[in-house]
Structure formats: C-alpha cells, structure tokens
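The values are calculated or read from the model by the stated rules, or taken from the named source; none is laboratory data. Every value quoted in this text rests on a predicted model; they were computed, and no experiment measured them. So basically every Cβ, Gly included, is an ideal-geometry build from the backbone, and we count neighbours across all protein chains shown.
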Amino acid sequence: MIRKALPSDCLNLAALSLQVWLHTYAPQGIRSSLSQYALSTFTEEYFIKLLETESVDIRVFEQDSHLIGFIVADLNSTFEGCSGYEIVTLYVSQHFHGKGVGRQLLKEIEHAHGCPFWLSAWVNNHDAIGFYHKLGFNIVGELTFNLEGEQHRNHVFAYTDTSCG
C-alpha cells in the first residue's frame, strides 16, 4: 500500500534511511565521516521537518504493516536544464529490490504531481543507475555532494522525451 507519510512514520523513515544509505554509500565499510553524516541527518526530527515543509511530499510503501520503501519529492527544487520538480529520495529496502516497489512509488508521485521531474544518483550506485535507465531516464547533468570536504559526483537523470514513464 502506498500512502502519504504521517508523523508516526518518521522513526521508521529514519531507520530505513540509515539501512539503505549505509548499504549504498559504505561498500568498503564504516568510517567516521559516513557515520557522522548518516546519524546526524537521518533522524526522526529530520523527517518531521520534511513533513512540515509545504513543498515536500513524502509517500511510503507499506507491506504487512512494515515500511519497505519511500519517496520524497521537493516541488520547489530546480536544476538548470531540467523542467519540473526533484525526486530527492527514492529508497527501497534491499530485500524488496526487483519487486516493483520503486517503480510504483515513482508512478504515485507522478500521478500526484505530474511530469516532468528529475533526480540524481551517485555515480557508483550502479543498481540505481541501471534502474533509472531501465525506466527510460537519461543522464542530463551532474551534481556534487559534499561530505566533509570530499566531493562525490552524482548523475542527474530526467526523461528526455515529452512524457514520463
């Protein structure tokens, strides 16, 4: 079931974020900068603030009363050369990859807010890059993510035709 996130979801959103983020961005193991970022960012309070932000929409995917994925859209975010809003986060528990959860979450946001939209993924997140290419997204630019002075490249993806997926 997909629905709008509620304040009561924020603790689970934080926990799932930690799980997905560390799995994705710490393939060589944990180090202080990764731990500091993850533990200070992905908190219950962080998600409560997002829910209180008028331009942000968070949808959750639940199965048997368990959170297995979520999507965050920022309707006011822009990127030069891209039309529409940003999909800030699309996280699905690794246990549910390949089961259509990410695709359904994207469709839900598209249904709620229309097209077009854009998103970014770390250049070494090959699973996400393959997923977005499979859905018809193309690389249209690049962003960098600063993690304690380290610059990490991210591809920016969008549909390059006139319709969404």
Worksheet item: Among the listed residues Val140, Val101, which satisfies the condition of being of a type outside the set (S, T, N, Q), out of contact with any helix residue (DSSP H, G or I) (no Cβ under 7 Å at 6 or more places or on another chain) and modelled with pLDDT under 95?
Response: Val140
Practice prompt. Scan region 1-21 residue by residue and report those that are β-branched (Val, Ile, Thr) and under 17 Å from Asp64 (Cα atoms).
Written response: Ile2
Worksheet item: Considering region 23-43 alone, what residues qualify as being surrounded by fewer than 16 Cβ atoms within 10 Å (Cβ to Cβ) and aliphatic (A, V, I, L, M)?
Response: Ala26, Ile30, Leu39
Worksheet item: Can you pull out the residues in region 114-147 that are in contact with a Ser or Thr (Cβ under 8 Å, 6 or more places away or on another chain), exposed (fewer than 15 other Cβ atoms within 10 Å of the Cβ) and within 18 Å of Leu34 (Cβ to Cβ)?
Response: Leu147
Worksheet, complete the sentence: Result of the Cβ filter at 7 Å on region 81-98, keeping first residues that are of a type in the set (S, T, N, Q) and partners that are outside any helix (DSSP H, G or I) and surrounded by 15 or more Cβ atoms within 10 Å (Cβ to Cβ), at least 6 apart or interchain, is Ser83/Pro116; Thr89/Ile71; Thr89/Val72; Ser93/Ile68; Ser93/Gly69
Worksheet item: Considering only residues of region 44-78 that are of a type in the set (Ser, Thr, Tyr) and within 23 Å of Gln94 (Cβ to Cβ), which is surrounded by the most Cβ atoms within 10 Å (Cβ to Cβ)?
Response: Tyr46
